């Protein structure tokens with residue numbers, strides 16, 4: 001089996017290439033996912049779609065964290081690879097279902113799965129990825145033994161529960177129109193929604209696969225993972241507003257269209273005058289326009305214009321129909337979203353959010369130092385250090 | 001713990017009350033599901049919704065099959081209860097996601113979860129039920145031992161895979177407009193889509209929980225479960241067309257609106273004249289009208305009438321807008337669905353389907369006889385016999 005360490009260069013800090021380590025881990029895990037896919041010809045349509053999101057360009061941070069932690073704790077690559085593949089399946093299943101739930105348009109630079117294949121197929125493909133995830137975790141027993149395998153199964157069970165609870169929390173805020181939230185609420189939500197499955201669990205299962213079962217190391221890894229996760233997510237929220245679509249892979253400003261609760265927006269609302277705050281909450285309560293509804297509306301508008309030109313429809317009638325069409329959809333306009341962006345700029349909320357991210361990045365660096373007793377210097381430890389450095393760089 | 005056997009009467013055939021046994025199993029399993037739900041106050045909105053479908057009126061066939069098989073094989077109720085609860089969670093998660101994927105309106109006599117709470121919440125509640133399912137299966141080890149627990153985990157993994165593959169097959173047929181299918185295709189699809197999780201796996205895990213690990217009994221149980229499942233599903237398809245909504249719990253004719261491939265419809269298409277067949281396929285290719293789109297259209301139609309009355313819109317303009325509204329949605333009309341129903345009546349396809357169901361019901365009866373060496377006469381065996389009899393009665 002190809003070893004990421006050999007291609008990732010010597011452990012010397014200058015020679016260390018984080019990007020390459022990530023890319024190598026990603027290749028290994030994609031190979032493992034392809035191995036897990038049943039070969040019977042009947043389910044081809046399904047299993048091709050399972051590979052759609054995983055094969056799109058991505059950093060592959062989760063597999064790398066799992067592999068680097070396992071190796072850093074002294075484990076072998078074979079011990080963690082099936083579990084890393086399972087985490088990647090979970091991750092992509094969550095992405096597919098989240099994209100449906102948020103009605104997102106772009107994922108990793110391309111149309112989301114439900115935009116391309118419809119909601120029914122997207123929901124089922126996500127379910128299929130979850131369905132495929134159990135067997136490899138059972139097969140772990142033959143490789144790493146019963147004890148670590150059972151603890152990994154429990155860790156994955158905990159991870160799934162945290163993720164759906166986080167998602168439920170966010171959906172609930174959106175449905176309730178809740179904006180009276182502080183940074184702690186945000187941290188609770190993102191730790192549950194993405195922290196567990198993106199950072200805490202990948203590193204936890206890495207340690208378990210290496211045979212490290214102490215509760216003390218688990219505690220430090222959990223705190224390290226949480227800090228990394230919060231720093232990452234806040235920076236992701238910043239990029240969502242301030243990045244460019246090519247570097248970011250998702251639509252810019254999507255969080256505002258979707259009315260996502262972020263540290264940025266919560267800060268802007270706290271700083272705003274009462275009247276601005278009320279206007280912002282009203283705008284955020286509106287749905288985002290859907291592309292199909294937009295196309296339908298545009299087509300109807302053209303017809304109304306034609307009818308008016310031909311004399312079949314008066315100007316007053318045309319106006320009433322237009323208002324009715326827009327009014328009943330109750331969606332955000334570009335102008336309103338730009339107004340929200342201006343509000344955010346006025347209160348310097350991006351700078352505020354960058355400060356909060358920096359606090360969590362520093363906390364992550366401190367927790368990584370606490371891990372030194374279990375994870376001595378090595379290429380693999382450098383991956384964890386590299387990720388912490390990356391979070392620091394992004395937070396600047 | 002309350003034992004269904006004691007309340008279900010003596011093993012004498014006259015005294016045996018299948019309905020009561022089912023109801024008792026359902027009560028036990030609902031209690032077990034409620035025990036599995038975390039008690040922290042944070043996730044209340046999520047966990048209340050998890051109980052929504054399970055608490056609606058239902059036969060509770062799957063829990064009863066699991067419990068009766070376990071007891072029939074000589075196992076204790078405590079050995080199977082957590083697993084039976086997990087199967088009920090899976091079942092309801094699949095129902096919630098299926099209802100989203102089929103855009104169904106009614107489930108167990110009430111609005112479907114996504115009609116009531118929106119697609120985002122429904123998708124996440126289904127995911128949450130899947131996420132809750134792993135831990136109880138791991139806890140099995142302390143009660144029934146490692147070997148049976150691992151086999152149950154494998155059985156559940158297989159079940160999930162079969163279910164999503166069956167769903168993918170059906171979605172694929174719908175998307176491809178495939179109607180060139182025979183009864184074997186249908187049997188493959190329904191065995192995967194519902195047979196495994198509704199019949200085969202519940203009985204399989206029942207036997208495993210009782211410590212029955214032989215591959216021969218597993219084979220007979222699989223064949224028994226498949227036969228029962230196919231007979232049940234065909235009868236369900238018949239009720240979907242010929243039943244009444246109170247007894248059925250779902251909307252009548254929903255399968256035609258959704259363009260579901262059933263033995264009934266496949267037979268009607270085979271028997272139809274070429275021109276009728278073509279018309280039927282064209283109708284079936286149309287989407288079902290959605291309730292929200294309908295409400296929007298009805299509102300707009302009223303406005304057009306008003307505008308016409310006021311002289312703001314000519315009759316020609318009104319007509320064009322109406323055609324455009326209907327045309328662009330491309331949905332089935334009630335008249336078209338009634339025409340499909342008439343086509344089915346002309347070819348006596350309901351009778352044909354009842355015959356096919358009878359074939360599978362008889363096969364189930366024969367397989368149950370083959371199980372006698374493992375499952376001697378008892379109240380619990382009477383449950384399995386009662387279900388076979390029920391399938392026979394429905395098939396008449």
Kindly identify the range B:29-86 as rounded, prolate or oblate by the Cα gyration tensor criterion: order the square roots of the eigenvalues as a ≥ b ≥ c, call it rounded if a/c is under 1.5, otherwise compare a/b with b/c, prolate if a/b is larger, else oblate. oblate
With each run of n ≥ 4 DSSP H residues scored as -39500 (n - 2.57), what mean residue ellipticity at 222 nm is computed for chain A after dividing by its residue count and rounding to the nearest 500 deg cm²/dmol? -23500 deg cm²/dmol
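Please report, largest first and rounded to whole Å, the three semi-axes of the ellipsoid equivalent to chain B, where each semi-axis is the square root of five times an eigenvalue of the C-alpha gyration tensor.
Listed largest to smallest, the semi-axes of chain B are 42, 26, 17 Å.
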For the range B:126-169, inverting the pair-averaged 1/r of distinct alpha-carbon atoms gives a Kirkwood value in Å of 11.4 Å
What's the angle, to the nearest 10 degrees (0 to 90), between helix B:349-370's Cα axis and the longest principal axis of chain B? 10 degrees
Nearest 10 degrees, 0 to 90: helix B:61-72 Cα axis against chain B principal axis: 10 degrees
Inter-centroid distance (Cα atoms) of the range B:169-192 relative to the range B:84-163, Å: 23 Å
Distances in nm between the label point of residue B:342 (7 Å along Cα→Cβ) and its equivalents in the other copies, shortest first, are 6.2
What is the angle, in °, between the Cα long axis of helix A:18-36 and the longest principal axis of the Cα atoms in chain A? Nearest 10 is fine, range 0 to 90. 90 degrees
With the label 7 angstrom out along Cα to Cβ, how close does residue A:27 come to the same site in each of the other copies, in nm, nearest first? 6.3
Over the Cα atoms of the protein assembly as shown, what is the Rg over Rh ratio if Rh follows Kirkwood? 0.99
Based only on Cα atoms, what mean projected area does the convex hull of the range A:65-141 have, in nm²? 5.8 nm²
Between the range A:322-386 and the range B:45-79, how many Å separate their Cα centres? 44 Å
Just round it to a whole percent: the fraction of Cα-Cα distances in the range B:306-379 exceeding 19 Å. 69 percent
Just need the relative contact order of chain A here, percent rounded to a whole number, with Cα pairs under 8 Å and 6+ apart. 20 percent
List the distances, in nm to one decimal, from the label point of residue B:211 to the label points of the same position in every other copy, shortest first, placing each label point 7 Å from Cα along the Cα-to-Cβ direction. 3.4
Averaging 1/r across every pair of distinct alpha carbons in the range B:149-258 and inverting yields a Kirkwood hydrodynamic radius, in angstrom, of 15.2 Å
Considering only chain A, pick the residue with its Cβ nearest the axis of the rotation onto chain B, and state the distance in whole Å. A:313, 2
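Readers should treat all values here as calculations from the given coordinates under stated rules, not as data from a laboratory. All of these numbers come straight from a predicted model, not from anything done at the bench. Methodologically, a virtual Cβ is constructed for each residue, glycine included, from the backbone with ideal geometry; neighbour enumeration extends over all protein chains shown.
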